[in-house]
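Note sheet for the following structure.
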Amino acid sequence: MARNLFDEMPMRTVVSWNTMISGYSKWGKLNESLDLLSSMHRSDIKFNESTYSTALSVCGRLQSSADGKQIHCIVIKSGCESFELVGSALLYFYATCFEIAEGKRVFDELHEKNELLWNLLIAGYVECNMTREALDVFRKMPKQDVVAWTTLISGYAKSEEGCEKALELFWWMRGSGESTNRAYKINILAWTALINAYAHHGPGSQAILLFEQMLEKGVAPNGATFVGILSACGRAGLVNEGMGIFRLSSRS
């Protein structure tokens, strides 16, 4: 219906094009979204920040490096590369396509860097398994927010060698007060990431100790937390502890 109305419009503005392109993106019809973007370009309709942002997000989700780079060329010609909305979309695109070096170049060229941009760069390095580089960016961040903390902790928790570093960062975050002042839900993610790390890479007893400390701090475990701690008990052969936690999960 929406597409029929769009096709029948005698004159289409950049807003109507953007609405349809964004609509296809939200409906998960990513290739149709890019097809419509191509039609918009052929119609000599000038792209704006919203167009670039949506298009680069679609390319990132499709991990379509070639299409995204073509759009980046148009961005450069338009002079919009340093705009905050477009810059963050470019950074997201390169990070999700695992071309983090290019994403870092975009980040460096942006005049104003907000928390979103810093977090996107950290997440990009984490996705590329470059935790040391992510930590370096984290340390340079003017104000480390709870999203940055959790992303970094989760990144280290995924690696076999990173459990101790993840734990160190976690207690550093707790000491900073960041986890208690903001984003209680993300605090649960940090606890769960650590528990899962020790469930798969470390001693199960350490995972149980963290779980007990989590409860003592008044943080309620979620489904993912219970899966992680039960997995730790199973791997370590801690049958009695596992049964006790299973009964707790049944009551939650």
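Starting from 0 in steps of 5 Å, tell me what percent of the Cα-Cα pairs of the chain lands in each bin.
1, 6, 12, 14, 12, 12, 10, 10, 9, 6, 4, 2, 1, 0, 0
Give, rounded to the nearest 20 debye, the magnitude of the charge dipole that the chain has about its Cα centre when Lys and Arg contribute +1 at Cβ and Asp and Glu contribute -1 at Cβ.
Working: 25 positive and 27 negative charges, 93 e Å.
That gives a dipole near 440 debye.
Which order, highest average first, do 229-236, 191-198, 121-128 follow once you tally other Cβ atoms within 10 Å for each residue and take the mean per peptide?
Final packing ranking: 191-198, 121-128, 229-236.
Ordered by packing density, taken as the mean number of other Cβ atoms within 10 Å over each peptide's residues, highest first, how do 211-218, 86-93, 100-107 rank? Write down the numbers at each step before the final one.
Values: 211-218: 14.2, 86-93: 26.8, 100-107: 19.1.
Most protected by this proxy first, the peptides run 86-93, 100-107, 211-218.
Counting only helical runs of four or more DSSP H residues, what would the 222 nm mean residue ellipticity of the chain come to if each run contributes -39,500 (n - 2.57) and the total is spread over all its residues?
-24000 deg cm²/dmol
Once you've got the Cα coordinates, tell me which of 29/140; 26/165; 29/217; 46/158; 46/113 are over 32 Å apart.
29/140; 26/165; 29/217; 46/158, as the Cα separations exceed 32 Å there.
Take every Cα pair under 8 Å in the chain that's 6+ residues apart, average their separations, divide by the length, and report that relative contact order as a whole percent.
9
Note the direction-averaged projected area, equal to a quarter of the hull surface, for the Cα convex hull of region 1-143, in nm².
Projected area, direction-averaged: 8.8 nm².
Largest first and to the nearest Å, give the Cα extent of region 201-252 along each principal axis.
Projected onto its principal axes, the Cα set of region 201-252 covers 25, 20, 17 Å.
Just want the answer: with Cβ charges of +1 for Lys and Arg and -1 for Asp and Glu, which residue in 88, 114, 201 is farthest toward the dipole's positive end in the chain?
About the Cα centre, the residue reaching furthest to the positive side is 201.
Every number in this text was worked out from the coordinates using simple rules, so none of it is lab data. Since the structure is predicted, the reported quantities are computational estimates derived from the model, not experimental observations. Methodologically, a virtual Cβ is constructed for each residue, glycine included, from the backbone with ideal geometry; neighbour enumeration extends over all protein chains shown.
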